[in-house]
Amino acid sequence: MDAEATVDRYIDFLKDTPFKAYYDEPYNCMAIVLPPGKDRSHATLATLSVTKEGWLSNVTENVFNAIKKDHPKMVWTVSEEDENLTWFFGKCDGSFVNKGDVLFWYGVDDFQELGALTEEFNAVGRAMLGDSNLESRLRRAAQTSNSNLASHAASSR
């Protein structure tokens, strides 16, 4: 599946999902936050997409502060390979690393809730957020494409 089809499916997912979008006017930073639900007392940062200019300016900081103001408890996951990983560590109260991904949280003070979060993350990784993370979807699509290309190249020899 190509990137365009992946984004189209993500938009379809959002049509049926309560969320709030946070962004700056030139769209250098856009975040999708899923509100707390019946099965979770915290919000979920489903997607944070930032341009290079957004990282170099204060835009990402402003968007994240707006999210934090609206959502006193939130969790999110990031690939351990993300070049801005240190920024995320600066925004959390805690983190947990598993199989190349990092679970971050702030405002989650209940040990039972934290235990359940880390246990689920340990068991299923980023899949604990379902298909709510666009970057994760794009990464899977790229891996599938690369795998298909490698298989095709191997079979055509």
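Report yes if some residue within segment 33-43 is under 17 Å from Met128 (Cα atoms), in contact (Cβ under 8 Å) with a residue 40 or more places away in the chain, more than 14 Å from the chain's Cα centre (by Cα) and surrounded by fewer than 13 Cβ atoms within 10 Å (Cβ to Cβ); otherwise report no.
Yes - at least one qualifying residue is present in segment 33-43.
Picking from Ala21, Ala31, which residue would you name as being within 22 Å of Leu103 (Cβ to Cβ) and of a type in the set (A, V, I, L, M, F, W, C)?
That would be Ala31, the only listed residue that is within 22 Å of Leu103 (Cβ to Cβ) and of a type in the set (A, V, I, L, M, F, W, C).
Which one of these is within 29 Å of Ala123 (Cα to Cα) and not basic (Lys, Arg): Asp24, Asp70, Asp2?
Asp2
Going by the conditions given, is Glu4 without any contact (Cβ under 8 Å) to a residue 24 or more places away in the chain and part of a loop (DSSP other than H, G, I, E, B)?
No.
Hey, among the residues in segment 65-88 that are surrounded by 13 or more Cβ atoms within 10 Å (Cβ to Cβ) and of a type in the set (Ser, Thr, Tyr), which one's nearest to Asp110 (Cα to Cα)?
Top of the filtered list is Thr77.
Search segment 1-32 for residues being within 30 Å of Asp110 (Cα to Cα) and touching a Phe, Trp or Tyr at 6+ places or on another chain (Cβ under 7 Å), and hand back the single one that is surrounded by the fewest Cβ atoms within 10 Å (Cβ to Cβ).
Met30
Rule-based calculations on the coordinates, nothing more; no lab input. Bear in mind that the values here come from a model prediction, so they are computed numbers and not experimental data. Note that each Cβ is placed from the backbone with ideal geometry, even for glycine, and that neighbours are counted across all protein chains shown.
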